[in-house]
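The values are calculated or read from the model by the stated rules, or taken from the named source; none is laboratory data. Predicted, not measured: the structure shown is a model, and the values here were computed from it. Ideal geometry is used to build each Cβ from the backbone, glycine not excepted, and the neighbour counts take in all protein chains shown. Accessible surface areas use protein heavy atoms only, side chains included; no ligands, DNA or RNA. Shrake-Rupley method; radii C 1.70, N 1.55, O 1.52, S 1.80 Å.
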Amino acid sequence: MTRIHINASTPYDVVIEAGSLQRIADYIKPLKPNCSVIIVSDSNVAPHYLNLVKTNMINAGYSVCDYVFTAGESSKNAHQLIDLVEYMAAQSLTRKDLLIALGGGVVGDMAGFAAATYLRGIDYVQVPTSLLAAVDSSVGGKTAVNLEAGKNLWGAFKQPLLVLCDPTTLNTLPDMEWKNGCGEIIKYGFLDVPGLLTQLEHKPLIKHRDSVSAVIARCVQAKADIVEQDERESGVRALLNLGHTFGHGIEKASHFEVHHGYAVAIGMVLMAQGAVKHGELDAEALDKLKVLIEAHDLPTTTTITKEEILAAAKHDKKSEGATIKIVVPASYGHSELKVVTHEELATYLE
């Protein structure tokens, strides 16, 4: 078992342990005595793990209900969120009760936002079952849903009570979801985690899945170090958005047919190419990035137009009027924050 402490405004632990899902109540009980519990999941994850978690919690003395919605990014919207919160109210859940987010990033975001806002906030536990959620979205307390104008524009900060990651749940993932997670994992390597890059170069995770627990722990620790410095993303936490400015534009323009990790991989390459043109990054670093991304069976190019990507960037959360904060690779393994105008941002895509 690996336990990583997140020293946020509400401190909590991330536990990474194979088989932990079968004993989930043992981890929750010391933090949250018997109460009513809602398990939120989606149509992909629920058939695999919902009954296991539900039975374990009921046997431990909890009163349990569940809410399952259709899997996919298209479900991460305001209408689905309101339906979830209405269901929570119909179940007469109180401020002393608990929500368990059982699933990938979409479930974690939806359930976390519901927990942040229902009755002005109730406790919740993140149980990531996708690689992407395990290494990134389940940690740090950012929750949100998508609006018509863009991705993750309506949300709240809400730290979980616990993050319980059981790597055995990744065994039921399709290859696409492993690759999806690898996009975010490579990102962490460019946030001054050189050991991770070296590991991924010698043993690409997509081909060496037995090392996944160690990779998850390394990414979570990297994110913990950043979140502890800047919980509300007023400064250094924005570095976690490497590849996201262009990546979110690709996701939105593709109507989310391009998955998040794939879009982030492309976004990193596009930003790195722009950095080379601006003299901020050497061409060798760009080539090494492309090789690493391709070694994980991820794309480095897109058919989405420059105009579509830039239009989405104007609605990005990091946009502030005429300017936008971007993350630029400055060397192989290191990135820096930079504020540019939207006109200057366009030059990174020329």
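On inspection, Leu119 does not qualify as under 20 Å from Ser20 (Cβ atoms), out of contact with any Phe, Trp or Tyr (no Cβ under 8 Å at 6 or more places or on another chain), modelled with pLDDT of 95 or more and open to solvent by 10 Å² or more (accessible area, probe 1.4 Å).
Against the test of being within 21 Å of Leu161 (Cβ to Cβ), of a type outside the set (Ser, Thr, Tyr) and touching a residue at least 24 places away in the same chain (Cβ under 8 Å), the options Gly72, Gly108 yield a single qualifying residue, Gly108. Within the stretch 50-91, restricting attention to residues that are touching a Ser or Thr at 6+ places or on another chain (Cβ under 8 Å) and in a helix (DSSP H, G or I), the residue that is nearest to Lys252 (Cα to Cα) is Val85.
Kindly establish whether Glu294 is open to solvent by 40 Å² or more (accessible area, probe 1.4 Å) and assigned to a helix (DSSP H, G or I). Yes; evaluated as a whole, the condition is true for this residue.
Looking across the stretch 236-273 at every residue that is more than 16 Å from the chain's Cα centre (by Cα) and open to solvent by 20 Å² or more (accessible area, probe 1.4 Å), the one that is nearest to Gly181 (Cα to Cα) is identified as Glu257. Filtering the stretch 8-48 to residues that are of a type in the set (S, T, N, Q), over 13 Å from Val125 (Cα atoms) and not in a loop (DSSP other than H, G, I, E, B) leaves Ser20, Gln22, Ser36. Could you list, in sequence order, the residues of the stretch 223-235 that are surrounded by fewer than 20 Cβ atoms within 10 Å (Cβ to Cβ) and touching a Phe, Trp or Tyr at 6+ places or on another chain (Cβ under 8 Å)? The answer is Glu231, Arg232.
Say we look at the stretch 47-80 and pick out the residues that are at pLDDT 95 or above and among the small types (Gly, Ala, Ser); which of these is surrounded by the fewest Cβ atoms within 10 Å (Cβ to Cβ)? Before the answer, list the steps.
The initial filter retains those residues of the stretch 47-80 that are at pLDDT 95 or above, namely 47-71, 75-80.
Still in the running and among the small types (Gly, Ala, Ser): 60-61, 63, 71, 75, 78.
Details: Ala60: 16, Gly61: 11, Ser63: 14, Ala71: 17, Ser75: 18, Ala78: 14.
Going through the qualifying residues, I end up with Gly61.
Can you tell me which residue is nearest to Ala265 (Cα to Cα) among those in the stretch 297-330 that are of a type in the set (A, V, I, L, M, F, W, C) and outside any strand (DSSP E or B)?
Per the stated criteria, the residue is Leu298.
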